[in-house]
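S.K.: There's a structure below that I have some questions on.
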Amino acid sequence: MTTAASAQIPRHGIRIVLIWLVLTAIAAPLIVFVLGPHLPPGNMTSEAGSQRDANVLLTALLVPIALLVVTFFVYSFVVFRNRTGGIVDGPPLFGDAGVQLLWIVLTGAIVLALAVWGSYTLIVSSHGAGGGQGPSPVDQPKGHEHALPVQVIAQQWEWTFRYPTYGGFESRDLAIPDNTLVAFHVTSLDITHSFWAYELGVKADAVPGVDDIAYVNARHTGFFQIRCAELCGLWHAHMAKKGRVLSLPAFQAWIKAAKQKNAVVQKYLAPYSDVYFPAPLRRAG
Amino acid sequence: MSTAARLALVAAGIAAGAALIAYYIASYLTQTPPVVAATGNMPSASLTLQTVASLGFKPHPDWVSYLAKNPAGKWVHSTVLRVPAHSTINVTIYQFDTATGLRNPFWGEPRGIANATMTVDGKPLKVLDPDLASHTFAIPDLGVSVPLKGVADDAKNQCSVAPCTLAEAHTTVKFSFKTDKPGKFRWQCFVPCAAGFPLGFGGPMQSLGYMDGYLEVVG
Ligand SMILES: [Cu+2]
Ligand SMILES: [Cu+2]
């Protein structure tokens, strides 16, 4: 190796780092401030908001790492291209203990810090983050004793909803009031489904015989998508609906109207319960 | 292995593959139920169907099934129905099967039909007792879902071989719905009525010609 060539090697490193720093300085704020607000699942509820924050943070962390790899890759393509056309042996490579240690410590620190941060937001700051926590939730938000209970009933292939504090009436449509803590009690009448209210940031398994609880607090009114997130048979794709977050007065009016709309069926309903075991399943089984 | 033997092996493999594909195409063509057209034209046509507890003949004599009446008045083992677009379709379903029951009384409420009312044995009904339901006739994409009242378990003269006749124990369900623009819509019974299958949802529930079919809306 000539002296001229070895003198150039450190300059490559500095150039790569400089390019990487400039690109990161441009991309990171763009990701956080421009793309960030549009990352899923939005900001309709505090739970959805904390999920979005997690997406923003992970994307922002990913950017410098991805840019370092891409910068190095492109730089090598351009600068270290073999222009002679012949096949020549490159200079030998030796391990660099310092670089390896730095890499392990850095990535280890990032992963551990994310684990700590993720656990903290899941348990302490966002109380389950809208996920189903089973019949006895560990991460209870403040005031959960007064949460509005709404039962979500899955069945092949439709969702229905019951409001135990409003006489246990059942409805084909789902509405919840804004700025109110809601406790979804998700269950199933037949097989496993999954209640996914996208904009609410809620996803909870609907398992027969299980009362799966998920909390949510909507920040503003609007529509949200409901999907079944567990492949459940022929008409799985048909288990899609639109739910609504209403202002409290609008919600009260909706309750009244929904009771009337669904009046004919109510007398046949099973008494309200955390779980149900409808007889026809046993008959057909 | 000699070259001839290898060639023979490859040729045999190709022949076996071709035979399988031919069998698949042939069975698709022969097992897809024939289209049954509704009687009448725009703006109003009528469909007449029946449900039976067991078909009584091959290929699945013990499967629960729908049948459809063609304009000539003959019962056809099919669930592929053709109806006119932008029309009122008057449906009559003769129910020869006994009740299975509904998992949720909500399926007992007829939806997507005129006046939200069906008639059962001549009597108008806005909701069916969930314990009495046998099947549903549902076209999800058109919002139609109608529960069908089953025959009493202890009824005399129950039908066991399709097509059943009106002399045998049955209930008569009538309703009408509107078609819009042309299209092909899948329809389905939503009651887990496939006895002997896991949770009542296999076999006839997922087979064209039995509890699953197409509604072809033509312009
Ligand atoms: Cu589902
Ligand atoms: Cu059925």
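The values are calculated or read from the model by the stated rules, or taken from the named source; none is laboratory data. None of these values were measured; they are calculated from a predicted model. Reconstructed Cβ throughout: ideal geometry from the backbone, glycine too, with neighbour counts over all protein chains shown. Note: areas computed on protein heavy atoms with side chains; ligands, DNA, RNA excluded. Shrake-Rupley method; radii C 1.70, N 1.55, O 1.52, S 1.80 Å.
S.K.: Report those strands (runs of 3 or more DSSP E) wholly inside the stretch B:1-109 carrying at least 1 residues which are over 18 Å from the mean Cα position of the chain (by Cα) and farther than 30 Å from A:V264 by Cβ.
M.R.: Numbers: elements: B:35-37, B:44-52, B:65-69, B:80-84, B:88-95.
Hits in the stretch B:1-109: B:80-84.
S.K.: Another question, if that's okay. Just need a number here: residues in the stretch B:167-207 that are touching a strand residue (DSSP E or B) at 6+ places or on another chain (Cβ under 7 Å) and away from ligand 1 (no atom under 16 Å from the Cβ). Even if it seems obvious, please write down each step before you answer.
M.R.: Of all residues in the stretch B:167-207, those touching a strand residue (DSSP E or B) at 6+ places or on another chain (Cβ under 7 Å) come to B:169-179, B:182-191, B:193, B:204-206.
Okay, now just the ones that are also away from ligand 1 (no atom under 16 Å from the Cβ), so B:169-179, B:182-187, B:189, B:191, B:193, B:204.
Qualifying residue count for the region: 21.
S.K.: Given the structure, is B:D154 open to solvent by 60 Å² or more (accessible area, probe 1.4 Å), free of Cβ contacts under 8 Å to residues at least 12 places away in the same chain and among the charged types (D, E, K, R)? I'd like the intermediate steps shown before the answer.
M.R.: Working: open to solvent by 60 Å² or more (accessible area, probe 1.4 Å): yes; free of Cβ contacts under 8 Å to residues at least 12 places away in the same chain: yes; among the charged types (D, E, K, R): yes.
Spelling it out, B:D154 is indeed open to solvent by 60 Å² or more (accessible area, probe 1.4 Å), free of Cβ contacts under 8 Å to residues at least 12 places away in the same chain and among the charged types (D, E, K, R).
S.K.: If you don't mind, there's one more thing I want to ask. Have a look at A:P37, A:P41 and point out the one that is crowded, with 17+ Cβ neighbours inside 10 Å and either assigned to a helix (DSSP H, G or I) or touching a residue at least 60 places away in the same chain (Cβ under 8 Å) (or both). Steps first, answer last, please.
M.R.: Values: A:P37 fails: crowded, with 17+ Cβ neighbours inside 10 Å.
Unique residue meeting the criteria: A:P41.
S.K.: May I pose another question? What's the number of the only condition in (1) within 16 Å of ligand 2 (Cβ to nearest atom); (2) modelled with pLDDT of 95 or more that B:H77 fails to meet?
M.R.: (2) is the only condition that B:H77 fails.
S.K.: Just one of B:Y23, B:Y94 is of a type in the set (S, T, Y) and either away from ligand 2 (no atom under 16 Å from the Cβ) or open to solvent by 70 Å² or more (accessible area, probe 1.4 Å) (or both); which is it?
M.R.: Working: B:Y94 fails: either away from ligand 2 (no atom under 16 Å from the Cβ) or open to solvent by 70 Å² or more (accessible area, probe 1.4 Å) (or both).
Testing whether each residue is of a type in the set (S, T, Y) and either away from ligand 2 (no atom under 16 Å from the Cβ) or open to solvent by 70 Å² or more (accessible area, probe 1.4 Å) (or both) leaves just B:Y23.
S.K.: Only one of these is crowded, with 17+ Cβ neighbours inside 10 Å and more than 16 Å from ligand 2 (Cβ to nearest atom): B:T32, B:T48. Name it. Full working, then the answer.
M.R.: Working: B:T32 fails: crowded, with 17+ Cβ neighbours inside 10 Å.
That would be B:T48, the only listed residue that is crowded, with 17+ Cβ neighbours inside 10 Å and more than 16 Å from ligand 2 (Cβ to nearest atom).
S.K.: May I pose another question? I need the strands (runs of 3 or more DSSP E) fully contained in the stretch A:108-174, keeping only those with at least 1 residues that are modelled with pLDDT under 95 and more than 16 Å from ligand 1 (Cβ to nearest atom). Step through it out loud before you land on a result.
M.R.: Details: elements: A:148-155, A:158-163, A:169-171.
Strands (runs of 3 or more DSSP E) meeting the threshold: A:169-171.
S.K.: I'd like the full set of residues that are of a type in the set (G, A, S) and under 18 Å from A:Q140 (Cα atoms), limited to the stretch A:180-215.
M.R.: Going through the stretch A:180-215, the residues of a type in the set (G, A, S) turn out to be A:183, A:188, A:194, A:197, A:201, A:204, A:206, A:209, A:214.
Listed by number, the residues that qualify are A:A183, A:G201, A:A204, A:A214.
S.K.: Scan (1) open to solvent by less than 40 Å² (accessible area, probe 1.4 Å); (2) touching a Pro at 6+ places or on another chain (Cβ under 9 Å) for the single condition A:I176 breaks and write down its number.
M.R.: (2)
S.K.: Determine if the stretch B:187-206 includes at least one residue that is more than 9 Å from every other protein chain (Cβ to nearest Cβ), of a type in the set (V, I, T) and either in contact (Cβ under 8 Å) with a residue 60 or more places away in the chain or assigned to a strand (DSSP E or B) (or both).
M.R.: No - not one qualifying residue is present in the stretch B:187-206.
S.K.: Looking only at residues in the stretch B:111-138 that are more than 11 Å from chain A (Cβ to nearest Cβ) and assigned to a strand (DSSP E or B), which one is most open to solvent (accessible area, probe 1.4 Å)?
M.R.: If we take residues in the stretch B:111-138 being more than 11 Å from chain A (Cβ to nearest Cβ) and assigned to a strand (DSSP E or B), then B:K123 is most open to solvent (accessible area, probe 1.4 Å).
A quick yes/no check of all residues on (1) in contact with a strand residue (DSSP E or B) (Cβ under 6 Å, 6 or more places away or on another chain); (2) more than 14 Å from chain B (Cβ to nearest Cβ):
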site	(1), (2)
A:D178	yes, yes
A:V186	yes, yes
A:G201	yes, yes
A:K241	yes, no
A:I255	no, yes
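S.K.: Open to solvent by less than 80 Å² (accessible area, probe 1.4 Å) and among the hydroxyl-bearing types (S, T, Y): is that true of A:S136 in this structure? If you could, list the steps in order and put the result at the bottom.
M.R.: Values: open to solvent by less than 80 Å² (accessible area, probe 1.4 Å): no; among the hydroxyl-bearing types (S, T, Y): yes.
It is false that A:S136 is open to solvent by less than 80 Å² (accessible area, probe 1.4 Å) and among the hydroxyl-bearing types (S, T, Y).
S.K.: Tell me which residues, restricted to the stretch A:192-209, are among the β-branched types (V, I, T) and crowded, with 19+ Cβ neighbours inside 10 Å.
M.R.: Pass one, the stretch A:192-209, residues among the β-branched types (V, I, T): A:192, A:202, A:207.
Selection gives A:V202, A:V207.
S.K.: How many of the residues making up the stretch B:157-186 are open to solvent by 60 Å² or more (accessible area, probe 1.4 Å), in a strand (DSSP E or B) and touching a residue at least 60 places away in the same chain (Cβ under 8 Å)?
M.R.: Residues meeting the conditions: 2.
S.K.: Name, by its number, the condition in (1) touching a strand residue (DSSP E or B) at 6+ places or on another chain (Cβ under 8 Å); (2) more than 14 Å from B:C193 (Cβ to Cβ); (3) open to solvent by 30 Å² or more (accessible area, probe 1.4 Å) that does not hold for B:K149.
M.R.: Condition not satisfied by B:K149: (2).
S.K.: Let me ask something else about it. Going by what's in this entry, would A:L189 be described as open to solvent by less than 40 Å² (accessible area, probe 1.4 Å), in contact with a Lys or Arg (Cβ under 6 Å, 6 or more places away or on another chain) and within 16 Å of ligand 1 (Cβ to nearest atom)? Walk me through how you get there before you give the answer.
M.R.: Numbers: open to solvent by less than 40 Å² (accessible area, probe 1.4 Å): yes; in contact with a Lys or Arg (Cβ under 6 Å, 6 or more places away or on another chain): yes; within 16 Å of ligand 1 (Cβ to nearest atom): yes.
The answer is yes for A:L189.
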